[in-house]
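**Student:** After the structure tokens below, expect a handful of questions from me.
The values are calculated or read from the model by the stated rules, or taken from the named source; none is laboratory data. All of these numbers come straight from a predicted model, not from anything done at the bench. Quick reminder, even Gly has a Cβ in these numbers, built from the backbone with ideal geometry, and neighbours come from all protein chains shown. Only protein heavy atoms, including side chains, enter the accessible area calculation; ligands, DNA and RNA are left aside. Shrake-Rupley method; radii C 1.70, N 1.55, O 1.52, S 1.80 Å.
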Amino acid sequence: MTDARTTKNGLDGKVAFVTGGAQGIGAAISAALAEAGATVVIGDLDEERAGRTAGEVAAAAGGKAGAVAVDVTDPVSVAAAARATLDRHGRVDVLVNNAGISNDQPTFEHDDATWDRTIAVNLSGAFFAAREFGRHMRERGGAIVNISSIAALVAGSPERHVAYDVSKAGIIALTRTLGVEWAPLGIRVNAVAPGYTDTEILRAVGSANPEVLDTWLSQVPQRRLIDPAEIARVVTYLASDGASAITGQLIVADGGYSASA
């Protein structure tokens, strides 16, 4: 098998920062970037779990991985995480804005605090991180990959999470705007919209409500959940030089769900 580090899509020698990288899709992204040769810094609110994941990633990939605490809703915390990364590694080439939360509340019962928190983590957090890390990419270029969702494209059923949907739609607009604005600086900004992905959170929902999981699967033409590693491979490609002409774009990885909706 060809070593990912030797291909034109490899990330050997580059430094990547992944928000919310301690579990789920974020952990898979961290592992894939490390396997492609990048030094990975996992930024997460749960620093202890991030550290464990970093250790697992480093052991599996035979590369470098570390962790740093970050609250993406706080610009000061984001700036500190960026500075810690630069102090430790001297550069940052890739940012993956993966940190996110969800909820399931009908709109009439949707409380203000949940709305504010969801927008703060999912959308404002991505903006703060892109702005801060983008400042450090201006001199040598870089790649930013934002994680959106099929919920930005299709109103889900039977779940109801308007704040999540709106925040993930905002990610697409953020990606398009920054992709154009920063193109002359050599900073590429793209987004990935995962479909129903096999994570701990989704499995927990499915275990508690088997009929909901059955409904989701029935709506996906491939009739399966997406593996986090499948999302991670798309992110790794967009972060690599192999995607050098791609910016301001959204790639949907959902097993055909949005195309059939």
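**Student:** If only one of 130, 120 is open to solvent by less than 10 Å² (accessible area, probe 1.4 Å), touching a residue at least 12 places away in the same chain (Cβ under 8 Å), in a helix (DSSP H, G or I) and of a type in the set (A, V, I, L, M, F, W, C), which one is it? Before you say what the answer is, go through the steps one by one.
**Tutor:** On the way: 120 fails: open to solvent by less than 10 Å² (accessible area, probe 1.4 Å).
On inspection, the qualifying residue turns out to be 130.
**Student:** Same structure, new question: For segment 214-261, name all the residues that are of a type in the set (S, T, N, Q) and under 23 Å from residue 184 (Cβ atoms). Lay out the reasoning, then the answer.
**Tutor:** Here is the first cut: in segment 214-261, the ones of a type in the set (S, T, N, Q) are 215, 218-219, 222, 236, 240, 244, 247, 249, 258, 260.
Listed by number, the residues that qualify are 240, 244, 247, 249.
**Student:** Would it be correct to say that residue 140 is part of a strand (DSSP E or B), in contact (Cβ under 8 Å) with a residue 40 or more places away in the chain and open to solvent by 10 Å² or more (accessible area, probe 1.4 Å)? Explain how you work it out, then say what you get.
**Tutor:** Details: part of a strand (DSSP E or B): no; in contact (Cβ under 8 Å) with a residue 40 or more places away in the chain: yes; open to solvent by 10 Å² or more (accessible area, probe 1.4 Å): yes.
Considered against the rule, which asks whether it is part of a strand (DSSP E or B), in contact (Cβ under 8 Å) with a residue 40 or more places away in the chain and open to solvent by 10 Å² or more (accessible area, probe 1.4 Å), residue 140 comes out as no.
**Student:** Also, quick follow-up: Kindly indicate which of 104, 93, 87 is in contact with a Lys or Arg (Cβ under 7 Å, 6 or more places away or on another chain) and open to solvent by 40 Å² or more (accessible area, probe 1.4 Å). Reasoning before the result, please.
**Tutor:** Working: 93 fails: open to solvent by 40 Å² or more (accessible area, probe 1.4 Å); 87 fails: in contact with a Lys or Arg (Cβ under 7 Å, 6 or more places away or on another chain).
Matching residue, one of 104, 93, 87: 104.
For (1) assigned to a helix (DSSP H, G or I); (2) small (Gly, Ala, Ser); (3) crowded, with 20+ Cβ neighbours inside 10 Å, each residue gets a yes or a no:
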| residue | (1), (2), (3) |
| --- | --- |
| 189 | no, no, yes |
| 215 | yes, no, no |
| 237 | yes, no, no |
| 259 | yes, yes, no |
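**Student:** Determine if segment 189-207 includes at least one residue that is over 25 Å from residue 83 (Cα atoms), touching a Lys or Arg at 6+ places or on another chain (Cβ under 6 Å) and of a type in the set (S, T, N, Q). If you could, list the steps in order and put the result at the bottom.
**Tutor:** Start the filter on segment 189-207 by keeping residues that are over 25 Å from residue 83 (Cα atoms), which leaves 192-207.
Those still in the list that are touching a Lys or Arg at 6+ places or on another chain (Cβ under 6 Å) too: none.
There is no residue in segment 189-207 that is over 25 Å from residue 83 (Cα atoms), touching a Lys or Arg at 6+ places or on another chain (Cβ under 6 Å) and of a type in the set (S, T, N, Q).
A quick yes/no check of all residues on (1) outside any helix (DSSP H, G or I); (2) in contact with a strand residue (DSSP E or B) (Cβ under 8 Å, 6 or more places away or on another chain); (3) within 22 Å of residue 194 (Cα to Cα); (4) at pLDDT below 95:
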position	(1), (2), (3), (4)
17	yes, yes, yes, no
28	no, no, yes, no
52	no, no, no, no
60	no, no, no, yes
63	yes, yes, no, yes
80	no, no, no, no
83	no, no, no, no
86	no, no, no, no
92	yes, yes, no, no
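**Student:** Among the listed residues 211, 230, 200, identify the single one that is open to solvent by 80 Å² or more (accessible area, probe 1.4 Å) and under 18 Å from the mean Cα position of the chain (by Cα). Walk me through it before giving the result.
**Tutor:** Details: 211 fails: under 18 Å from the mean Cα position of the chain (by Cα); 230 fails: open to solvent by 80 Å² or more (accessible area, probe 1.4 Å).
After ruling out the rest, the residue left standing is 200.
**Student:** What are the pairs with Cβ atoms under 9 angstrom where one residue, in segment 242-261, is under 27 Å from residue 182 (Cβ atoms) and β-branched (Val, Ile, Thr) and the other, located anywhere, is open to solvent by 30 Å² or more (accessible area, probe 1.4 Å) and in a helix (DSSP H, G or I)? Sequence gap at least six, or different chains.
**Tutor:** 246/237; 247/180; 247/183; 251/234; 251/237; 252/258; 252/259
**Student:** For residue 247, which of the numbered conditions (1) assigned to a helix (DSSP H, G or I); (2) of a type in the set (S, T, N, Q); (3) crowded, with 17+ Cβ neighbours inside 10 Å fails to hold?
**Tutor:** (1)
**Student:** Here is a further query. If we keep just the residues of segment 30-50 that are in a helix (DSSP H, G or I) and of a type in the set (A, V, I, L, M), which is farthest from residue 233 (Cα to Cα)? Step through it out loud before you land on a result.
**Tutor:** Narrowing segment 30-50 to residues in a helix (DSSP H, G or I): 30-35, 47-50.
When the remaining residues are screened for being of a type in the set (A, V, I, L, M), the result is 31-34, 50.
Numbers: 31: 10, 32: 7, 33: 9, 34: 12, 50: 20 Å.
Here the answer is 50.
**Student:** Among the listed residues 125, 156, which satisfies the condition of being more than 17 Å from residue 248 (Cα to Cα) and outside any helix (DSSP H, G or I)?
**Tutor:** 156
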